[in-house]
1. Going down the table (Lys24/Lys359; Lys358/Lys418; Lys358/Lys440), which pairs top 26 Å between alpha carbons?
2. Can you list the lysines whose alpha carbon is less than 16 Å from that of Lys208, not counting same-chain residues fewer than 8 positions off?
3. Scan the chain and hand back the longest stretch that contains none of the chymotrypsin sites (Phe, Trp or Tyr not before Pro) lying in DSSP loops with at most 10 other Cβ atoms within 10 Å.
4. Give me the mean projected area, in nm² to one decimal, of the convex hull enclosing the Cα positions of the stretch 50-135.
5. Divide by every residue of the chain the summed helix terms, -39500 (n - 2.57) for each DSSP H run of at least 4, and state the resulting mean residue ellipticity at 222 nm, rounded to the nearest 500 deg cm²/dmol.
6. Near Pro419, within a Cβ-to-Cβ distance under 12 Å, what is the net charge of the other residues, with Lys and Arg +1 and Asp and Glu -1?
7. Can you give the FRET efficiency to the nearest 0.05 for Ala410 and Leu12, using r as the Cβ-Cβ distance and R₀ = 60 Å?
8. State the antiparallel share, in %, of DSSP beta bridges confined to the chain, rounding to the nearest 5.
Amino acid sequence: MYPILVLSVTGLVTLFLGFLKSKKILLPASLLFVAVAFLSNLIDWNSPGLYFYEMLEASNLSILFTSIILLSAFLIMALSKGFIDDEHAHPAEYFALLQFSLVGAIMMTNFQNLIMLFIGVEILSVSMYILTGSDKRNLRGNEAALKYFLMGAFATGIMLFGIAMLYGANYTFNITDARTLLLQPVTDVRPVFLYVGVTFLLIGLLFKVSAAPFHFWTPDVYEGAPTIFTTFMSTVVKTAGFAAIYRILEVSFSPMYNFWWVMVVTMAILSLFISNITAVSQNSFKRMLAFSSISHAGYMLLAVVGLNNKSGDSIVFYSLAYALATISAFGVLMVVSKDRLVDGRPNENIAVLNGLSKKSPFLAAVLAISMLSLAGIPLTAGFWGKFYVFADAASRGHIWVLVIAIAMSAVGIYYYFKPIIAAYMKDGEGDNIQLSSFYKIILGFTTAGSILLGLFPDLVRELL
């Protein structure tokens, strides 16, 4: 629980640093704060325990989820220099909000009490609403922020109603006690509250991870938000959301598997169909990755459907593989698009990647490996991520679901290769792209991580 304390304090410190005349200290200070939070997170390794009046729990699994969240945040912040150099930007506020949002994300991975889950979701969500519309000159971003806020508010209300129903059924917000009560004989009234509560709680959480049919906000918000915050949204928010979904279903509601697995598998199939079919026709790189995010939500739901003692490991590995590839892809887009303006904002179409291999072989290689990993091609982390979630679904006998998932993976290969073809097989305009050494290190790290986990997947799986 130490990262929560660290980031709560450092978020306030970051706001005060904003009063300094020079803004150059904000980025290194924020990176240092997140690094300290990451190290403090490891203190509880192999030392499980309850904190804050038994409302939060630290376990090795929650520590791994928190580590992925903090690592993703560190890498994304490290790529943010180009955005905060804008004269209209407010870097102190941005970095403080990112640190506060991490507090909410960590609460979602460690909650032992449904009230803490709700607070975590709200801290994370409110920060994202603000950051989505942070570029006031961008009307599309303002529209995206309003759309995200309105739909997110409805989803939060539904989730809160579900929590109320669960309290009415179990008379407790503690998720472990709720499981104990599920194993006891009940009256005719409690199951009604229970089923409604589980359904509404899942709807609220599935909205956060952009699973169909609660995905309609995703393409517009991803496209309208500044790319740096889109990257944060598609990695940190998704990891926290799936950590919460897995935790609540595994700890509390695994005895009700026969009730909720039909709903979850239906949403997984919808996510795979809608996202992959729609992504094929996209010309915007960000919208393509938005539908990609929806499809990966579907794949990760397969691990939940195949709930077993290895499902947590599978979601951890998939989250890390997806985060590394996504940060690489958006990192390349930020560099390539920043000087190619259309109507005053960066050109984010796939065509902007044309001829990238000639202008920057390094960026082209980073892009290619990230796309291959997202597509699940062997020797990348994405291949093993899909393999593990498919294996989890197969362990429950859901072979028919795997047939659909594999078919949709084949569709995904088509649109993931579009950026690679643009970078290597098409001619583009513009001069050679110059990168700072620090930017190269960050993108080199994410790319090497995708390859390393593709070659040695047990590096993560054996931690639990």
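All of the numbers you see were taken from the coordinates with simple rules; none came from a lab. Predicted, not measured: the structure shown is a model, and the values here were computed from it. In this analysis, Cβ positions are derived from the backbone assuming ideal geometry, glycine residues included, and neighbour counts consider all displayed protein chains.
1. Over 26 Å apart, Cα to Cα: Lys24/Lys359.
2. Reachable lysines: Lys147, Lys238.
3. Maximal segment without exposed cleavage sites: 54-464.
4. Value for the stretch 50-135: 5.8 nm².
5. The per-residue figure over the chain is -23500 deg cm²/dmol.
6. +2
7. Computed FRET efficiency for Ala410 and Leu12: 0.75.
8. 100
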